[in-house]
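Engineer: Before we start, here is the structure in question, set down as structure tokens.
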Amino acid sequence: MHHYTLQHGIQDWQNALQALHLAPESNWQSLPLFGIVLVGDVPIQSVQSWADEHHWQLVPLTTQKSTVDVVNSLDNIHNTSVYRCVIFSNAIIDQPVDELPRLIKAQLTSRINQAMDIHILPIDKLLRPHRLACFDMDSTLIEQEVIVELARYCHIDQEVSRITESAMRGEIDFATSFSRRVALLAGAKQSIIEQIIANNITFQSGALATIQSLKALGYHTVLVSGGFEPFAKYVAHTLGIDEYHANPLDIAEGKLTGKVGLPILDGHQKACIVQHIAKQLGITNDQIICIGDGANDLPMMSISDIGIAYHAKPIVQEQATLAINHTGLEGVLYALGHQLVSSS
């Protein structure tokens, strides 16, 4: 078993801000003031030269070793470098502040010209105490799409694929495609669920460390999936997620009936569930983060403070706040400004 040290990032960011000598009464939301996290083999000189050229003041973060939580994990965490800095501009900038992250990311991507994840957030988002983390399941927490695995076991994968492709072309909506695909499973033995869980479900790299770390940071963790409850229950219990929500898989006399419960847990329902949980916790939307890979994750991302696209479809990467493409799920921790370091 490996041991990882979780280095809480908030004090690091606060120390970097002090180096800028900004007045305490400054309204950070209206300032060109951002935290940048670069994940990969970072050419630091290129970052500094970009900052100099565009008149940004750059302050690298130092790591505070006094605030740590030890995380035990069986994960295969990616070995990567993480470079964090605060940038601030005293110059007059034509663009609205909320449009600057995309502009800065485009400039840095062009300048650095190598594969890495670049996360840019207004500093108030990095310092805000988020309390609710909601994850999609299929292709996010696990590497599979459960409906595909069920279809393979039932030897109907081609039929299911045709329906899926029709939905992706926009010819039918999610609820219709979901109902049609589940109907094809009618008559399958209940035992295939246990077989798939035992033989086919694998977790994303970094999944366990990410959930454990978020809980150590005080998050309430939730799995919210358009997939099926038996698989969601297994994934949530294995990773230690606080609660899960998914579609029930209707079973009678030891066989799948092919029927679906209503309402089907689609993108709209995902957002409603997230909103309901936040209300139960007594928190506001700016304390929510959501992580997913598909278009049906966009509604819950849109009501959250930070939406994170994980190895996601292009439309999701375009609309999410941040995108992870070059690490495992532990990249969520980096994106939120923290560090995860192997200590054994």
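Engineer: Open to solvent by 10 Å² or more (accessible area, probe 1.4 Å), in contact with a Phe, Trp or Tyr (Cβ under 8 Å, 6 or more places away or on another chain), in contact (Cβ under 8 Å) with a residue 40 or more places away in the chain and part of a loop (DSSP other than H, G, I, E, B): does that describe Ile264?
Structural biologist: Answer is yes for this residue.
Engineer: Which one of the conditions (1) within 22 Å of His245 (Cα to Cα); (2) of a type outside the set (A, V, I, L, M); (3) under 27 Å from the mean Cα position of the chain (by Cα); (4) buried (at least 16 other Cβ atoms within 10 Å of the Cβ) does Pro122 fail to meet, given that it meets all the rest?
Structural biologist: (1)
Engineer: For segment 7-36, give me each residue that is over 12 Å from Val59 (Cα atoms) and modelled with pLDDT of 80 or more.
Structural biologist: Ile10, Gln11, Leu31, Pro32, listed by residue number.
Engineer: On the given criteria, is Leu103 of a type in the set (A, V, I, L, M, F, W, C) and buried (at least 16 other Cβ atoms within 10 Å of the Cβ)?
Structural biologist: No: the conditions fail for Leu103.
Engineer: Turning to a different aspect of this structure: Restrict the check to segment 134-149 and report whether at least one residue is among the aromatic types (Phe, Trp, Tyr), crowded, with 16+ Cβ neighbours inside 10 Å and over 18 Å from the mean Cα position of the chain (by Cα).
Structural biologist: Within segment 134-149, not a single residue is among the aromatic types (Phe, Trp, Tyr), crowded, with 16+ Cβ neighbours inside 10 Å and over 18 Å from the mean Cα position of the chain (by Cα).
Engineer: Give the residues of segment 206-241 that are outside any helix (DSSP H, G or I), modelled with pLDDT under 95 and either open to solvent by less than 10 Å² (accessible area, probe 1.4 Å) or on the phi > 0 side of the Ramachandran plot (or both), sorted by residue number.
Structural biologist: Gly206, Gly218, Gly227
The rows are residues; the columns are (1) within 30 Å of Leu333 (Cα to Cα); (2) of a type in the set (D, E, K, R).
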residue: Ala167; (1), (2): no, no
residue: Arg180; (1), (2): no, yes
residue: Leu185; (1), (2): no, no
residue: Lys189; (1), (2): no, yes
residue: Thr202; (1), (2): yes, no
residue: Gly227; (1), (2): yes, no
residue: Leu262; (1), (2): no, no
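Engineer: Tell me whether segment 241-261 contains one or more residues that are in contact (Cβ under 8 Å) with a residue 24 or more places away in the chain, β-branched (Val, Ile, Thr), within 19 Å of Val148 (Cα to Cα) and touching a Phe, Trp or Tyr at 6+ places or on another chain (Cβ under 6 Å).
Structural biologist: Within segment 241-261, not a single residue is in contact (Cβ under 8 Å) with a residue 24 or more places away in the chain, β-branched (Val, Ile, Thr), within 19 Å of Val148 (Cα to Cα) and touching a Phe, Trp or Tyr at 6+ places or on another chain (Cβ under 6 Å).
Engineer: Restricting to segment 291-319, and then to whatever is more than 19 Å from Cys272 (Cβ to Cβ), of a type in the set (A, V, I, L, M) and open to solvent by 10 Å² or more (accessible area, probe 1.4 Å), can you tell me which residue is nearest to the chain's Cα centre (by Cα)?
Structural biologist: Ala312
Engineer: In addition: For segment 277-287, name all the residues that are touching a residue at least 12 places away in the same chain (Cβ under 8 Å), open to solvent by 10 Å² or more (accessible area, probe 1.4 Å) and over 16 Å from Arg128 (Cα atoms).
Structural biologist: Across segment 277-287, the qualifying residue is only Leu281.
Engineer: Would you please name the residue that is farthest from the chain's Cα centre (by Cα), looking only at residues in segment 242-261 that are closer than 14 Å to Val182 by Cβ and assigned to a loop (DSSP other than H, G, I, E, B)?
Structural biologist: Among those that are closer than 14 Å to Val182 by Cβ and assigned to a loop (DSSP other than H, G, I, E, B), it is Thr257.
Engineer: Scan segment 288-329 for residues that are among the polar types (S, T, N, Q), part of a helix (DSSP H, G or I) and touching a residue at least 24 places away in the same chain (Cβ under 8 Å) and jot them down.
Structural biologist: Answer for segment 288-329, where residues must be among the polar types (S, T, N, Q), part of a helix (DSSP H, G or I) and touching a residue at least 24 places away in the same chain (Cβ under 8 Å): Asn296, Ser302.
Engineer: I need the full set of residues from segment 29-63 which are more than 17 Å from Gln11 (Cα to Cα), assigned to a loop (DSSP other than H, G, I, E, B) and in contact with a strand residue (DSSP E or B) (Cβ under 6 Å, 6 or more places away or on another chain), in order please.
Structural biologist: Val42, Trp56, listed by residue number.
Engineer: Of all residues in segment 171-205, which are part of a helix (DSSP H, G or I), in contact (Cβ under 8 Å) with a residue 12 or more places away in the chain, among the hydrophobic types (A, V, I, L, M, F, W, C) and open to solvent by 30 Å² or more (accessible area, probe 1.4 Å)?
Structural biologist: Across segment 171-205, the qualifying residues are Phe174, Ala175, Ala183, Ile197.
Engineer: Please pick out the residue among Val274, Val332 that is of a type in the set (Val, Ile, Thr), within 11 Å of the chain's Cα centre (by Cα) and either at negative phi or surrounded by fewer than 24 Cβ atoms within 10 Å (Cβ to Cβ) (or both).
Structural biologist: Just one listed residue meets the conditions, Val332.
Engineer: Take Pro96 and tell me if it is modelled with pLDDT under 90 and surrounded by fewer than 17 Cβ atoms within 10 Å (Cβ to Cβ).
Structural biologist: Yes; evaluated as a whole, the condition is true for this residue.
Engineer: Given the criteria open to solvent by 70 Å² or more (accessible area, probe 1.4 Å), touching an Asp or Glu at 6+ places or on another chain (Cβ under 8 Å) and of a type in the set (S, T, N, Q), does Gln114 qualify?
Structural biologist: So Gln114 fits the description; yes.
Engineer: For Asp157, are the conditions met, namely being in contact with a strand residue (DSSP E or B) (Cβ under 6 Å, 6 or more places away or on another chain) and among the charged types (D, E, K, R)?
Structural biologist: Judged against the criteria, Asp157 is not a match.
The values are calculated or read from the model by the stated rules, or taken from the named source; none is laboratory data. The model shown is predicted, which means the values in this text are computed figures rather than measured ones. Ideal geometry is used to build each Cβ from the backbone, glycine not excepted, and the neighbour counts take in all protein chains shown. Ligands, DNA and RNA are excluded from the accessible area calculation, which covers all protein heavy atoms including side chains. Shrake-Rupley method; radii C 1.70, N 1.55, O 1.52, S 1.80 Å.
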